Amino acid sequence: MPVNPCQRKEYSLEKLNILRDKVRQSYLKNKEEELQTPNNKKNIYYSYLIDDIFLITKKEISSGTLLKFFYDDNNRWYQVIIIGTIEEYVYKSLPSDDVVKDKSNSDNNTKNIKEKNKYLKKIAKTTTIKNWSASTNFSSPQWADYFKIPIENGFIKRVRCQILTTSEYYRFGFKLFRNNGKLFGDGSIQSMDNNFVIHIGKNFLSDELFITTYHNGILQRPGKNINVKPLNNKIKIELFIDNENFLCLFLDGKEVFKIIINNEIREQIYMLAWGDVYEYQLRVENIEIEYEIG
């Protein structure tokens, strides 16, 4: 019986996140490169993924559908024929047993499959947290509020979220450090151990955001405007670390910063908000965390 193209089914968020991971794994297996999924359907990677899905399934899917698939955690009703195409892509790309059919290149193919599967085993879990409300914490250095991102003895891979604030002055960002590292230094967020801090900020009398970074407590990139303004006091943020340990920061789907980091500081990551000597409030919504185990 043919599938009714209007028939829809609802996906749980947990199941949806698992399928998102498997799509990324499928793309990596087929293309031998990490799939980037910024919040911009015109990004070239969505075109690559569309082509790859068609190559495997002989079925077409739109970039708008893929953007909804990766970003919409609320409207999880999908046309059966659409979600079936995505499931088919995963099923055909990630069979239970890899079979090397090209005997003339069997050694190289076997090596490539082992290397890919070694990486696939690392991408193990995705966690979602509805929201975190941050406000002035007078007991912490720089009046910082903080939230430990749960990665369960793994290595952070990606954090996505949306921040909402009407505060005229604030800082928001992430601190990455080792399991035995320090969240705070002496009277400051900065500490002199092995760590990396990256944050966006907004000052009084300015609508533009800027980025500042610190490495081991030392200022690396002074606050620099990035020509990004929050829309309706909201902005989407994605921190992503690729296979070569390049850390990338995206704001509303636009890459605004990239630097290589050492793997050790991926063991622990905190989300931080602060206002220095000014009071602030902000809400962090739709927090999605991806981390590797192994």
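When Ile259 is tested against the conditions (1) surrounded by fewer than 17 Cβ atoms within 10 Å (Cβ to Cβ); (2) out of contact with any strand residue (DSSP E or B) (no Cβ under 6 Å at 6 or more places or on another chain), the lone failure is (2).
Say we look at the range 266-283 and pick out the residues that are touching a Leu at 6+ places or on another chain (Cβ under 8 Å) and not polar (S, T, N, Q); which of these is surrounded by the most Cβ atoms within 10 Å (Cβ to Cβ)?
By that ranking, first place goes to Ala273.
Of Ala124, Ala144, all but one fail to be among the small types (Gly, Ala, Ser) and at pLDDT 90 or above; the exception is Ala144.
Just wondering, is there one or more residues in the range 198-208 that are within 17 Å of Leu272 (Cβ to Cβ) and among the aromatic types (Phe, Trp, Tyr)? So far as the range 198-208 goes, no, none of its residues is within 17 Å of Leu272 (Cβ to Cβ) and among the aromatic types (Phe, Trp, Tyr).
If you go through the range 203-223 and keep only what is outside any strand (DSSP E or B) and closer than 20 Å to Phe184 by Cα, you end up with Asn216, Gly217. The set of residues in the range 230-270 being over 15 Å from the mean Cα position of the chain (by Cα) and either assigned to a loop (DSSP other than H, G, I, E, B) or aliphatic (A, V, I, L, M) (or both) consists of Pro230, Leu231, Asn232, Asn233, Glu244, Ile259, Ile260, Ile261, Asn262, Ile265, Glu267.
With Asn227, Asn286 as the choices, which residue is of a type outside the set (D, E, K, R), part of a loop (DSSP other than H, G, I, E, B) and outside the structural domain of Ile18 (by TED's automatic domain parsing)? After ruling out the rest, the residue left standing is Asn227.
When His199 is tested against (1) touching a residue at least 40 places away in the same chain (Cβ under 8 Å); (2) in a loop (DSSP other than H, G, I, E, B), only condition (2) is not met.
The criterion of at least 3 residues that are modelled with pLDDT under 85 is met, among helices (runs of 4 or more DSSP H) falling completely within the range 1-116, by 13-31. Would the range 148-169 turn up any residue that is surrounded by fewer than 16 Cβ atoms within 10 Å (Cβ to Cβ) and outside any loop (DSSP other than H, G, I, E, B)? Within the range 148-169 (the criterion being surrounded by fewer than 16 Cβ atoms within 10 Å (Cβ to Cβ) and outside any loop (DSSP other than H, G, I, E, B)), the answer is yes, since at least one residue qualifies. Only one of the listed residues (Ser62, Ser93, Ser12) is of a type in the set (S, T, N, Q) and within 23 Å of Asp242 (Cα to Cα). That residue is Ser93.
The values are calculated or read from the model by the stated rules, or taken from the named source; none is laboratory data. Bear in mind that the values here come from a model prediction, so they are computed numbers and not experimental data. Using ideal geometry, Cβ is built from the backbone for each residue, glycine included, and neighbour counts are taken over all protein chains shown.
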